[in-house]
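Beneath this line is the structure, given in structure tokens, with notes to follow.
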Amino acid sequence: MEKQILELYNSEDRVMNDAIDRVVVRLYGIRKECNARSFIFTGVGSHAGTTSVALNVAIALAEAGWKTVFVDGDLRKGTDYKRIKGDNSDCSLSGYLTDHSISVEDALNETNYDGLSYIPSGDCIENPVRLLCTERMEKLVKTLKDTYDFVIFDMPSINTVNDAEILIPETDRYILVASLNVSTKKEVMDARLELDRYSDRYAGMIVNRVEMRQYRRQIKDYDYFSRDNLEHMQKQALARKNKGAVKKEGGIR
């Protein structure tokens with residue numbers, strides 16, 4: 001079965017990457033604490049930016065040296081509506097779930113990032129609930145958890161469909177994604193209530209699309225290690241050193 005190497009993208013925005021690194025640290029801590037490997041990302045509503053967040057987290061984990069797989073679990077969208085597309089619909093999640101001759105290994109695709117594999121959603125399935133509830137899906141999750149350090153599932157909004165809720169018992173933790181000035185307080189509350197029975201698997205919420213000035217207010221020392229700030233600190237240290245030398249020289253006189 002011929003496969004392509006999928007070209008994935010990540011953000012070059014410094015604020016976005018700093019925020020993603022904080023998520024990576026959080027996931028690493030959870031993994032160390034309870035050996036959690038599989039994480040579901042699901043939005044509290046549409047247009048929360050869940051795919052961008054989950055994909056950038058997966059890329060960051062792979063760049064940190066962890067063997068990672070990103071699974072596009074949104075089977076309800078066709079490839080025309082996907083930002084990441086695979087040419088072979090058989091090498092996909094829908095292909096694996098509908099064709100028993102396709103193995104987990106067949107569904108896996110390489111990417112342009114070392115250590116990062118990818119399972120595209122494949123062909124659109126109008127109602128994938130019955131496929132997600134099968135033993136084949138359970139086998140997929142178990143195989144990926146046994147093979148990879150981190151398994152990242154990108155699932156549809158929990159307030160839109162219950163696809164993510166089906167997989168939560170099979171995975172270790174779930175993360176909600178909201179978008180500032182887009183997601184509503186009601187959507188956040190509804191999502192938490194919908195998944196209240198799985199509160200022990202809740203790993204937190206990511207608020208997406210936060211502006212720089214708002215991010216700076218939340219992270220007061222955000223620029224502490226920036227090049228400009230380090231150069232400024234070096235100049236201050238040099239000025240203090242020179243000032244001390246002048247005082248010492250003046251004292252000798």
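The values are calculated or read from the model by the stated rules, or taken from the named source; none is laboratory data. Remember, predicted model here, so these are calculated numbers, not experimental data. In this analysis, Cβ positions are derived from the backbone assuming ideal geometry, glycine residues included, and neighbour counts consider all displayed protein chains.
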| request: Please go through the stretch 35-53 and pick out each residue that is of a type outside the set (S, T, N, Q) and modelled with pLDDT of 95 or more. | output: A36, R37, F39, I40, F41, G43, V44
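In the stretch 27-70, which residue that is among the hydroxyl-bearing types (S, T, Y) and crowded, with 24+ Cβ neighbours inside 10 Å is nearest to the chain's Cα centre (by Cα)?
Initial filter on the stretch 27-70 (among the hydroxyl-bearing types (S, T, Y)): 28, 38, 42, 46, 50-52, 68.
Going one step further and asking which of them are crowded, with 24+ Cβ neighbours inside 10 Å, we end up with 42, 50, 68.
Numbers: T42: 10, T50: 8, T68: 11 Å.
The extreme case among them is T50.
What about T42, is it out of contact with any Ser or Thr (no Cβ under 8 Å at 6 or more places or on another chain), of a type in the set (S, T, N, Q) and either under 22 Å from R192 (Cα atoms) or not in a strand (DSSP E or B) (or both)?
Working: out of contact with any Ser or Thr (no Cβ under 8 Å at 6 or more places or on another chain): no; of a type in the set (S, T, N, Q): yes; either under 22 Å from R192 (Cα atoms) or not in a strand (DSSP E or B) (or both): yes.
Here the answer is no, as T42 does not meet what is asked.
Quick grid of which residues meet (1) modelled with pLDDT under 95; (2) in a loop (DSSP other than H, G, I, E, B); (3) more than 21 Å from T51 (Cα to Cα):
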site	(1), (2), (3)
N181	yes, yes, no
A191	no, no, no
Y198	no, no, yes
R217	yes, no, yes
N229	yes, no, yes
